[in-house]
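The values are calculated or read from the model by the stated rules, or taken from the named source; none is laboratory data. Keep in mind it's a predicted model, so treat the numbers as computed, not measured. Cβ atoms come from the backbone with ideal geometry, glycine included; neighbour counts cover every protein chain shown.
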Amino acid sequence: MHADIRLGRILGIPIGLHASWFLIFGLVTWSLALGYFPREYPQLPSGAYWLMGGVTSILFFVSVLLHELGHSVLALRNGVPVRGISLFIFGGVAQIGREPPTPGAEFRIAIAGPLTSAALAAVFAGLWWLDRAIPYLAAPSIWLARINLILAVFNLIPGFPLDGGRVLRAIVWQVTGSYYKATHFAALSGQVVAFGFIGIGIFTILGGNLFNGLWLIFIGWFLQNAAASAFAQTNLEAQLRGVKVGQLMRSSYPRVTAQTSLQELIEDQILRHGERCFLVSDNGNLMGMLGLRDVTAVPKAAWPHTTVAQVMVPLDRLAWVDPDTELMEALHLMDEKEVAQLPVVLANRVLGLISREQVLHYIRTRSELKI
Ligand SMILES: [Zn+2]
């Protein structure tokens, strides 16, 4: 879930909105302005309902953001990077950079969200208790208390990828000692819950409530997709398990000297030989690495007078793996550093290169061979 609009950073984490968020924001505001507030406070001008609806809706999405920040803070504390938080049609999602290292970490990260929502429910309930005599504050306060409680409880439903499903995965992981078994189990629970939502949605429609029924089916469909992709991800991890970088790396790789211009590089290497990644050296010493993407970042007109050394990723910023690194670990590292390849280094010597493309090719070939 990428963000279409960036809002800024909190605790160093980029916060963004997906375009679909506006739809749910509109729906929540609309139902508050035309349903809830007119019932609570009859005979106000309609502008007042929309204003109250908009403000309450924004506070609701701030609550959702705090729920995701709850996950994120615990993730960072457990050494798991967080790439960003996006709000979208089904609420919020914190993009966790990799799977948690232990069942304990998984449990803490998963439970932090619902606990944050439960705490917010308590805060808004306390606020309601203080302002219950003040007309225009009481109804928003109690609504926000209720919706945060619903958020806490809904997220604890034990179907992956809901938080409850992650808690379940942490428990099965702890008990069986196997991350793979735990994810398979959690993904299965997610599919059961997803079909449950779809089933209840169909009955709701048959019972005459079209909108709520469609909404439940929509949520079920989303959960089903997410559970299925978690399943595929585990299969991938299972396939790559035990395969080391050294088994797959290319040991012949193109080298260029630091003073080569981008123009020469493109004509002599990239176009002629189809190479996409180069180690840069000067007098035989490794200085850095350069990928196709670093080249395309430079405008075409500057190619003749830009040297490889000016655009390469220098050695001190370069991530690398050793031949004994697991392939999955290398993929995670590429994701984290946003690169398509990594040098394979042993005892300060570059042995080869491993690229994302090679890994994908390896997976495709394995599935063609049905092994
Ligand atoms: Zn959550």
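Couple of notes before you dig in:
- Restricting the range 171-204 to residues that are surrounded by fewer than 23 Cβ atoms within 10 Å (Cβ to Cβ) and of a type in the set (Gly, Ala, Ser) leaves a set whose member that is nearest to Ala226 (Cα to Cα) is Ser189.
- Only residues that are under 24 Å from Leu120 (Cβ atoms) and not hydrophobic (A, V, I, L, M, F, W, C) were counted across the range 140-186, and they come to 12.
- Boolean, Val62 is of a type in the set (Val, Ile, Thr), without any contact (Cβ under 8 Å) to a residue 24 or more places away in the chain and within 30 Å of Ala133 (Cα to Cα): yes
- Val280 meets the conditions (1) within 36 Å of the chain's Cα centre (by Cα); (2) exposed (fewer than 14 other Cβ atoms within 10 Å of the Cβ) in every case but one. The failed one is (2).
- Of all residues in the range 10-57 being in contact with a strand residue (DSSP E or B) (Cβ under 7 Å, 6 or more places away or on another chain) and in a loop (DSSP other than H, G, I, E, B), the one that is surrounded by the fewest Cβ atoms within 10 Å (Cβ to Cβ): Ser20
- Selection status of Ser63, outside the structural domain of Tyr179 (by TED's automatic domain parsing), more than 16 Å from the ligand (Cβ to nearest atom) and either crowded, with 18+ Cβ neighbours inside 10 Å or not acidic (Asp, Glu) (or both): no
- When the range 139-170 is limited to residues that are in contact (Cβ under 8 Å) with a residue 60 or more places away in the chain and farther than 30 Å from Pro100 by Cβ, the one that is nearest to the ligand (Cβ to nearest atom) turns out to be Leu144.
- Scan of the range 161-208 for residues that are β-branched (Val, Ile, Thr) and over 20 Å from the mean Cα position of the chain (by Cα), ordered by number: Ile171, Val172, Val175, Thr176, Val192, Val193, Ile198, Ile200, Ile202, Thr204, Ile205
- Out of Ala330, Ala301, Ala309, sole residue that is hydrophobic (A, V, I, L, M, F, W, C) and touching a helix residue (DSSP H, G or I) at 6+ places or on another chain (Cβ under 9 Å): Ala330
- The residues on offer are Leu236, Leu248, Leu216, and the sole one that is buried (at least 18 other Cβ atoms within 10 Å of the Cβ) and within 30 Å of Lys370 (Cβ to Cβ) is Leu248.
- Tally of residues being free of Cβ contacts under 8 Å to residues at least 60 places away in the same chain and either more than 13 Å from the ligand (Cβ to nearest atom) or part of a loop (DSSP other than H, G, I, E, B) (or both) across the range 68-99: 4
- Any hit, the range 288-311, residues being of a type in the set (Val, Ile, Thr), touching a strand residue (DSSP E or B) at 6+ places or on another chain (Cβ under 8 Å), within 23 Å of Ala347 (Cβ to Cβ) and buried (at least 16 other Cβ atoms within 10 Å of the Cβ): no
- If you filter the range 316-344 down to residues that are among the β-branched types (Val, Ile, Thr) and at pLDDT 85 or above, you find that the one that is farthest from Leu286 (Cα to Cα) is Thr325.
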